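No lab work stands behind these numbers, since they all come straight from the coordinates. Only a predicted model underlies this, so the values are computations on that prediction, with no experimental measurement involved. We place every Cβ from the backbone using ideal geometry, glycine too, and count neighbours over all the protein chains shown.
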Amino acid sequence: MHPSDDIRGSRSGRLSGRKIVMGITGSIAAVECVKLARELIRHGAEVHAVMTEKACEIIGPYSMEFATGNPVVTHLTGKVEHVSMCGDVEGKADLILIAPCTANTLGKMVHGIDDTPVLTFLTTGIGTGIPVMLVPAMHSTMYDHPKVMENLGAALKMGILVIDPRIEEKKAKMASTEIIVEHVLRLLSGGSMRNERVLIVTGATREPVDDMRILTNRASGASGIALGVEAFRNGAEVLLMAGENVVKISEALKVDRFSTTGDLLERIKALPGKWKAPTMAFFAAGISDYSPKRKEGKIPSGKEELIIELGPTPKVIEVFRGLFPEAFLVGYKAESIRDPEKLLERAYERLTAVRMQAIVANDLSDVTPETNTVYLVTPQKEVFKVSGKRSDIASFLLERTMELRGTR
């Protein structure tokens, strides 16, 4: 057994049974390809590397053979590797991923030139209809060349997905491994949410007491971020409105940050002019119910007693419902009670008061950093219970809400 099999599927099985041809061209970003191949394998993929002569001068073929567990194609032989992997044959590749993609390879590809193994694989695969993803990497002066821009546009017209580079240090650097992997997962997922625009509000608000102190809560943002990642992977257009989070937000997600409840409210009100109407919304944030009457400056320390006056904050979800009455709205209700019946009763009351399509209830006493137990409640008082990792819960909630909405 090759060592690559030790990590196969360790993150997920989303790419199990999927064959990915990774074309590596002569950019210094090729040094990232071992890590990229390994991450794809961690999601279950079978990866086959194809390298140009210039790529082999930057990273050795043996490195990619170790990374993938498969022989590396550096030149074509009588085995007609391009046909056996990308031709109109049984078991052909599910995706051709060119990472990094140089300006040279891009230009030749759109003009049908195939004078390297990578280009021959591309010509064959495009003719067969295999999805192609390009990840450009070059100096920014090359990237800004009118003909390079024209070639990128031609690639897009051919139906090829282009992952935008990071513009840093006068370079158009290859997108991060995380972003590339997320786009691969999205492309090969089947796109069950491809027509959805999903708003997710997550994290904790931070209400200022004075110039130094804040009133906040324990919301980690983990549940909302997991929902965002799962919706993105299933093809949705996702906007994550994020307050304070202790969990890293995926680089693939579009993020709009807020701080206070009032700040969040203004961003919700501004949505109609900035974004198309959400088709679905999940309010998974810890939004403060009360805000202090802010003190000027910093309250001196050393007081024997300090009284802070609190006033109610606006109900942001109710404002959202008024602005977007057609959106499939899912709220969250967290309580510290060990009685499931009371938890579900309070959740249902909140659901009907705001005219939600569903609400997620959870008992804060049954939460760990890695796992959770939640109940999905509908207006018809249907209750669906799910426990496990947050990613599994997010997948379940999205699948079930799509079913409730009647789009699955």
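Listed values for segment 181-190 are Karplus-derived 3J(HN,Hα) couplings in whole Hz (6.51 cos²θ - 1.76 cosθ + 1.60, θ = phi - 60°), namely 4, 4, 6, 5, 4, 5, 5, 9, 7, x, and x replaces Gly and Pro.
Applying a threshold of 32 Å to the alpha-carbon distances of LYS298/LYS389; LYS173/LYS389; LYS54/LYS147; LYS108/LYS276 flags LYS298/LYS389; LYS173/LYS389; LYS108/LYS276 as lying beyond it. Across the chain, the mean sequence separation of Cα contacts (distance under 8 Å, 6 or more residues apart), normalised by length, yields a relative contact order of 10 percent.
Computed with the Debye formula from one identical point scatterer per Cα of segment 197-254, without solvent, the log10 of I(q)/I(0) at q = 0.19, 0.23, 0.25, 0.28 Å⁻¹ comes to -0.64, -0.82, -0.92, -1.07. Relative to the Cα centre, the charge distribution of segment 1-98, modelled as +1 at Lys and Arg Cβ and -1 at Asp and Glu Cβ, gives a dipole magnitude of about 300 debye.
Taking amide H as placed 1.01 Å from N in the peptide plane, HIS139 has its amide H under 5 Å from the amide H of ALA172, each at least 5 places away in sequence or on another chain.
Relative contact order of segment 17-78: what whole-number percent is it, with Cα pairs under 8 angstrom and at least 6 residues apart?
On the way: 96 pairs, mean separation 23.9, N = 62.
Once normalised by length, the contact order is 38 percent.
Rounded to whole Å, give me the distance from the Cα center of segment 1-48 to that of segment 272-330. Centre-to-centre (Cα) distance: 43 Å. Relative to the longest principal axis of the C-alpha atoms of the chain, give the angle of the C-alpha long axis of helix 117-128, reported between 0 and 90° and rounded to the nearest 10°. The two axes meet at around 70 degrees.
Under 1.5 on a/c is rounded, so check that first for segment 320-408, then, if it is not, pick prolate when a/b is larger than b/c and oblate when it is not; a ≥ b ≥ c are the square roots of the alpha carbon gyration tensor eigenvalues.
Oblate is the answer for segment 320-408, as a/c is 1.5 or above yet b/c matches or exceeds a/b.
Taking 29 Å as the straight-line reach from the Cα of LYS385, the lysines in range (excluding those fewer than 8 positions away in the same chain) are LYS248, LYS315, LYS333, LYS342.
Reported value for segment 1-129: 103 Å³ per residue, from the convex hull of its C-alpha atoms. Please compute the contact order of segment 88-181 in relative form: average sequence separation of alpha-carbon pairs under 8 Å and at least six residues apart, divided by the residue count, as a percent. Relative contact order here is 30 percent.
Given the options LEU40, SER63, THR77, identify the residue whose Cα lies farthest towards the positive end of the charge dipole of segment 1-84 (+1 on Cβ of Lys, Arg; -1 on Cβ of Asp, Glu). Of LEU40, SER63, THR77, it is LEU40. What range in the chain is the longest one free of GluC sites (Glu not before Pro) that are in a loop by DSSP and have at most 12 other Cβ atoms within 10 angstrom? Answer - 170-295. For the chain, a simple Cβ point-charge model (Lys and Arg +1, Asp and Glu -1, everything else neutral) yields a dipole of about 620 debye relative to the Cα centre. Please list 3J(HN,Hα) in residue order for segment 8-19, calculated via the Karplus relation 6.51 cos²θ - 1.76 cosθ + 1.60 where θ = phi - 60°; whole Hz, with x for glycine and proline. Rounded to whole hertz, the list is 4, x, 5, 9, 6, x, 4, 9, 4, x, 9, 9.
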